[in-house]
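Take a look at the structure below.
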Amino acid sequence: MKKLTGRQKTKIKSAAFYVSLVGLPVLQFCIFYIGVNLNSILLAFKAYDMGAGEYVFYGLNNFTKVFRDFGTLAYLGSAIKNSLILYGVSILVALFSTFFSFYIYKKRLLGGLFRFILFLPHIVSALVFSLIFMYFTDEVIPFFADNLFHTAMEGLISNPKTQLGAVLFFTFWTGFSTQVLMFSSSMSGISDSVIEAGIMDGVTPLKEFFYIVVPMVWSTLCTFLVVGVATIFTAQMNLFSFFGTSAEYGVYTFGYYLYRAAKLAGVSDYPYLSATGLVLTAVAIPLSFLARFALGKVGPHAD
Amino acid sequence: MKKLSKVLSVISVLILIGAAVSGCGRGSSATEKIDETKTQLYVAIFEGGTGDAWLKTLKAKFERAYADVSFENGKLGAQIIIDSSKNAGRTVLDYIAGDSNDVYFNEGISLNTFASQKYVLPLDDICDEPLSDGKTIRSKLSSDQITNLTALDGHIYGIPHYECYGGVNYDKDLFSSKRLYFAYDAENNGGEANEFIKKSSDARSCGPDGARGTEDDGLPSSLEEFYLLMEKMVEMSIVPFVWTGKTSTYTEYLLNAFYANWMGYEEFSENFTFSGNTEIISKATATTNGYTFETDRIDIQESNGYMLTKQTGRYYALELLHKIMTNPAYYYSKSTQITFSHLDAQEAFVYSRLDTKMQPIAMLIDGSWWENEASDPIARTIKAYGSDAENRNFGFMPLPVRVGGSVAEGGGKALTLFDHMGSYVIINANTKNTPKETLAKQFVKYAYTDENLQMFTTTSGTAKAVAYDLTAEQVSSLSPYSRSVWNLRNNPSVNIASANSPNEMFINEEVALKLAWSSVIRNQNYLSPYSAFRDSKTAYDVFGGIYELTLSGWSDYGEYFKA
């Protein structure tokens, strides 16, 4: 048997090392991404036969049901509306958070403290934080309203009229910090010489923000907005943390609808949910590309 | 340095693999030390209202009884390892194929789904083998149970475990001390008065079942009486109801309990069998006081199953809940708060009559397992209030069966309870052809001997959903509440409905066809009547909305009725 040379041994060792390091993630990717998604796509064309105990070909019937339900089930309309509101508000918050990030970036009064406070929700788990928020809005605020203003008030999460607003507020309060951290980190990468040159040219802080900082972080902002479009139909708005599977239809988002449906579904329901997922993906993909194209066209450029 | 980083990387990968593989193991609660000389049987249990004290007792008894029996070569005896978790049936379905628990006592189990996917073993053999009490498990099942259990392919894949009913629980001591029972009207054979007893010794009305000397004596037999009762409670500064605001599911317990009892076993069960004849509301005429209804009887089959949403009992159940929810004096102020859990509601109910800072609460909407679940607050009240808090008399309330007046003696309706739990014991198919299979089957057989069924009830306060009796001594050892429930379910005239059926459409579409209370009203969907009433919708709005929503999706089941 031919003896391996030192170079060959090194090559084999390197290959073995590479496989041991990359093998598991690749395997995981193949099973849990390619396999699961492929199975999900195929499932959309099947139905479960309880007697035979297997999925059988069902043609396009699941898609027919999905399109019919989009037209007839009012809560799906409400879910689309809430998902779009969620995205719309996220754009507003993104704009506001860039202002705020600029404030922190410029190290103005209490900027560091604000950064710390904003990061707090991320130290505590989302579920615990939503519980704290729920108790605060349902117990503490009514308590103060009663004792300070002698006004009987229902909890903001319990009251169907304020529920959506309260959950939206929570979502953006907790999401705001992520954006601020992201934008302020992106801003800190701006070369000091660029800023100094601007100051020497006599730009005001407002002009510095609009004509120097925003163009320099525009790609980060774009990424955030495009990813937001791609996740319009999967964003849950923390509804599961607040309500479990019992959220009212009035606050549904599409992400919550799908998650809840999958959690409660029987084997017969998975094909319908797969078809719904495919339809929504078919909508989200062109929307995301369109958003990316539009933002690339309309946005400011660093040069 | 380069070598070191490689070693560290490999170690990291191994740790990751280890962590991933360890996730495939059993639940963390199964921590008992393994006895290598015995064969282990892993028994998973849903840690709910019935607790696990009974299983611990069963484990000790079984291990003792089978200490000298070998289930595999080189080992003697069995070790039962209990894995308590909060995972109910639907969650278990997701992981049972890769789980190493052998036996599951659980609830919320869609048995046909487990069986169809070959996740569980058929249990026909142990159902027909004689138990140590000389009977068979099959002999302890009713004919309806056997029909439903074997509907998929003729085999039995699960044996009914516990039997629980959602509904109204009431404080009997409060009812007695405040004279909240209706009086027996001797002149009218008990059928007219609508008056309350004046002293504790007064004869009580017949109650909904129309028979004197039964559990429901003096309780409201009509909606009119129920409303009078709530008014009287408010006049006496008693809060009629408390329930959890965390989920609308509990208010649906009230709806289901009322609906089942109003329609009776046969007509209520049509919601799952889609076969029979039933009374529906065919026409409603608006009046200044609400609506007057015309009713009709129609035949039900798969093609018009949506008409069951027009059953009279469904409307009156909605009317009752609407009446309760639209007057804040009728319910505890926290009952609409999302932070007020079912455990909080139980605690408020238990404390209210003893705590002078609280108004007494007369009724709790919860399941028949609630007292076992509330053992902590009950123990605390005994510590705080002494003898006043001991041996509290709570009861499970049979609900009204007519709109106005009072049920006359002999003119009542046998109670129908709705067991909505879907609770079964199943054996994991992974045990097939292993020594565990024999052990698991032996253990299940052992759990269904009369002696151990009785032990289950005396320990948990809950009945098993099979036929067996308790001795007089055992009945008296139950808490007053458990005794009240036992006496109700053990009455020969009582019917116990469940969401099961041999109907092919129901078997295939079980999740979608579960008893629905969701509605669509003027293009707005409501998950439950609870939320619709909170949005100022009327009972009739919701009644119509449930019909509209059900009808809109009924064509999905067309394959079952298009010949």
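The values are calculated or read from the model by the stated rules, or taken from the named source; none is laboratory data. Predicted, not measured: the structure shown is a model, and the values here were computed from it. Note that we place each Cβ from the backbone using ideal geometry, even for glycine, and neighbour counts take in every protein chain shown. Areas reflect the complete protein model, heavy atoms only, side chains present, ligands, DNA and RNA absent. Shrake-Rupley method; radii C 1.70, N 1.55, O 1.52, S 1.80 Å.
For segment B:476-488, the set of residues classified as under 15 Å from B:G395 (Cβ atoms), open to solvent by 30 Å² or more (accessible area, probe 1.4 Å) and part of a helix (DSSP H, G or I) consists of B:R483, B:N487, listed by residue number. The condition (being assigned to a helix (DSSP H, G or I), over 30 Å from B:D556 (Cα atoms), of a type in the set (V, I, T) and at pLDDT 85 or above) is satisfied by just one residue among A:T151, A:T137: A:T137. Which of the residues belonging to segment A:121-130 are touching a helix residue (DSSP H, G or I) at 6+ places or on another chain (Cβ under 8 Å) and either open to solvent by less than 70 Å² (accessible area, probe 1.4 Å) or at pLDDT below 80 (or both)? Scanning segment A:121-130 gives A:P121, A:H122, A:V124, A:A126, A:F129, A:S130. Where helices (runs of 4 or more DSSP H) fall entirely within segment A:187-285, those with at least 3 residues that are at pLDDT 90 or above are at A:239-243, A:254-264. In the set (1) without any contact (Cβ under 8 Å) to a residue 40 or more places away in the chain; (2) within 9 Å of chain A (Cβ to nearest Cβ), B:G545 fails one condition alone, (2).
Scanning segment B:548-563 for residues that are away from chain A (no Cβ under 11 Å) and either more than 19 Å from A:T72 (Cβ to Cβ) or open to solvent by 60 Å² or more (accessible area, probe 1.4 Å) (or both) returns B:Y560, B:F561, B:K562, B:A563. Restricting B:A516, B:A497 to those that are touching a residue at least 12 places away in the same chain (Cβ under 8 Å) and either over 30 Å from A:G53 (Cβ atoms) or not in a loop (DSSP other than H, G, I, E, B) (or both) reduces the list to B:A497. Sort out which residues of segment B:500-510 are free of Cβ contacts under 8 Å to residues at least 60 places away in the same chain and in a loop (DSSP other than H, G, I, E, B), and write them in order of number. Listed by number, the list holds a single entry, B:E509.
Residues satisfying the criterion are absent from segment B:377-388 (criterion: assigned to a loop (DSSP other than H, G, I, E, B) and open to solvent by less than 60 Å² (accessible area, probe 1.4 Å)).
For segment A:55-68, residues that are closer than 23 Å to B:I507 by Cα and within 9 Å of another protein chain (Cβ to nearest Cβ) total 1. With respect to B:Y530, determine if the residue is of a type in the set (F, W, Y), out of contact with any Gly (no Cβ under 7 Å at 6 or more places or on another chain), open to solvent by 60 Å² or more (accessible area, probe 1.4 Å) and closer than 27 Å to B:L320 by Cβ. Spelling it out, it is not the case that B:Y530 is of a type in the set (F, W, Y), out of contact with any Gly (no Cβ under 7 Å at 6 or more places or on another chain), open to solvent by 60 Å² or more (accessible area, probe 1.4 Å) and closer than 27 Å to B:L320 by Cβ. Scanning segment A:14-71 for residues that are open to solvent by 50 Å² or more (accessible area, probe 1.4 Å) and in a strand (DSSP E or B) returns A:K46, A:D49, A:E54, A:Y55, A:V56, A:F57.
B:Y468 satisfies every condition listed in (1) away from chain A (no Cβ under 14 Å); (2) open to solvent by less than 20 Å² (accessible area, probe 1.4 Å); (3) not in a loop (DSSP other than H, G, I, E, B) except (3).
Inside segment A:69-90, can you point out the residues that are of a type in the set (V, I, T) and within 14 Å of chain B (Cβ to nearest Cβ)?
A:T72, A:I80
Looking across segment B:335-356 at every residue that is assigned to a helix (DSSP H, G or I) and in contact with a strand residue (DSSP E or B) (Cβ under 8 Å, 6 or more places away or on another chain), the one that is nearest to the other protein chains (Cβ to nearest Cβ) is identified as B:S335. Restricting segment A:242-255 to residues that are of a type outside the set (V, I, T) and more than 12 Å from chain B (Cβ to nearest Cβ), the residue that is farthest from the chain's Cα centre (by Cα) is A:F254. Out of B:N169, B:N194, B:N148, one residue alone is under 21 Å from the mean Cα position of the chain (by Cα) and open to solvent by 10 Å² or more (accessible area, probe 1.4 Å). It is B:N148.
Checking the structure you have, find out if any residue of segment B:455-465 is part of a loop (DSSP other than H, G, I, E, B), open to solvent by less than 40 Å² (accessible area, probe 1.4 Å) and farther than 13 Å from B:S368 by Cα. Yes, segment B:455-465 has at least one match. Restricting the first member to segment B:464-479 and to residues that are farther than 15 Å from B:E163 by Cβ, and the second to residues that are crowded, with 17+ Cβ neighbours inside 10 Å and among the charged types (D, E, K, R), the beta-carbon pairs closer than 7 Å and six or more apart or on different chains are B:V475/B:R483; B:S479/B:E371. For segment A:275-289, a tally of residues being buried (at least 16 other Cβ atoms within 10 Å of the Cβ) and either closer than 18 Å to A:G71 by Cα or not hydroxyl-bearing (S, T, Y) (or both) returns 7.
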